[in-house]
1. Under 10 Å from the Cβ of Cys36, count the other residues' Cβ atoms, weight Lys and Arg +1, Asp and Glu -1, and hand me the total.
2. Through the Karplus equation 6.51 cos²θ - 1.76 cosθ + 1.60, θ set to phi - 60°, convert the phi angles of the range 256-269 into ³J(HN,Hα) values in whole Hz; use x for Gly and Pro.
3. Determine the alpha carbon to alpha carbon distance for each of Lys66/Lys172; Lys47/Lys264; Lys66/Lys192; Lys197/Lys226; Lys231/Lys264; Lys172/Lys224 and list only those over 31 Å.
4. Arrange Glu69, Glu228, Glu81 by Cβ neighbour counts within 10 Å, fewest through most, would you?
5. What's the exposure ranking of Val254, Val243, Val118, going from fewest to most Cβ atoms within 10 Å?
6. All other residues with a Cβ under 13 Å from the Cβ of Glu208 taken together, and with Lys, Arg as +1 and Asp, Glu as -1, what is their net charge?
7. Convert each backbone phi in the range 10-21 into a coupling constant with the Karplus relation 6.51 cos²θ - 1.76 cosθ + 1.60 (shift: θ = phi - 60°), then list the ³J(HN,Hα) values in order as whole Hz, x for Gly and Pro.
8. What residues have an amide H closer than 5 Å to that of Trp260, excluding those fewer than 5 places away on the same chain, when H is modeled at 1.01 Å from N in the peptide plane?
Amino acid sequence: MGSWEDLVSVAKKRINTLKKDCVIAVTGNPGRGKTCLAMHLAYAVDKQFTPSTCVLFYPTLDKAKKMFEDLGQQRAIIFDEAMLTMYLRQAMTKNSIQLNQFFSVDARKNFFNVIILVIEDIQFIDKYFRNSRLDFWIECMERTSSDAYAVTFISDSSPAAKDSWRLSDLDKLFRSSRRGHKVAGETREDWKQTFRKFELFFGDFVFEDLAPSVWEEYNTARIKAKAEYEKTTGMHVCGFESVNGRTCSAKATVQQPFGWRCQKHEAIK
Ligand SMILES: [Zn+2]
């Protein structure tokens, strides 16, 4: 079974030896450490990774293209949740088609990057993209005050596979484990025992928080990107801050006395 080291080594092998991209989705409910894990992974595969240069926060395709060109080959790039939500949530919108084309091998030949997509739910990712481009899927299961736990799945790349992730098979195990913990159990060991029955299970691992200086750099870059995005597009993003200090970055639709808000947060003060 694959460990964290195995995951990192497979990702490195893909970009360095096999000369391919490695596309990894990091999913999970808010507060479970998705961004933290994405950055751990980026640091592990790319010695030059920094949050201020390698995280794409807001959605313009031109910015994505520029970032890939600036960074060059064999680098790690994180697509932040806000970026992906707009591009991938609705199947085959103009945006998601553009993004699919951009990610296609022809358009980006000889880049060979580790591309990490941070998004709440695997179902938000356009089906074609999910089945044809995604190599690994990491679900963040739990975060406690001391560490966090995630499970990893590897794509079924056989040509006959209609659904590379066998989501219907996984549904019973997985969805129920996220909601009531009924099928998969309640402890990390229970989850592991359940998921190891699933053919695409790659492994599980525990990870810790990042250094405060990394978060500081990440947050600074995020605020800067938000301001730039609002300035260039004239659109606003939600600034709702939840109890645990996380700031929503969904597209804002309503201006309230306390700032811009998305549809989900427009009624909350
Ligand atoms: Zn919001």
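1. Details: positive: Arg32, Lys34, Arg143; negative: Glu208, Asp209.
That sum, taken over residues with Cβ under 10 Å, equals +1.
2. So the Karplus estimates, Gly and Pro as x, are 9, x, 9, x, 7, 9, 7, 4, 5, 10, 5, 8, 8, 8 Hz.
3. Lys66/Lys172; Lys47/Lys264; Lys66/Lys192; Lys197/Lys226; Lys172/Lys224, as the Cα separations exceed 31 Å there.
4. Numbers: Glu69 10, Glu228 14, Glu81 23.
With the sparsest Cβ surroundings first, the list reads Glu69, Glu228, Glu81.
5. On the way: Val254 14, Val243 6, Val118 26.
Fewest to most other Cβ atoms nearby, the residues stand as Val243, Val254, Val118.
6. Residues close to Glu208 contribute a combined charge of -1.
7. 5, 4, 5, 4, 4, 7, 8, 9, 7, 6, 9, 6
8. Amide H neighbours of Trp260: Gly239.
Where a number appears in this text, it was derived from the coordinates with a stated rule and is not lab data. What you see is a predicted model; the values in this text were computed from it and never measured. As a convention, Cβ positions derive from the backbone with ideal geometry for all residues, glycine included, and neighbour counts pool all protein chains shown.
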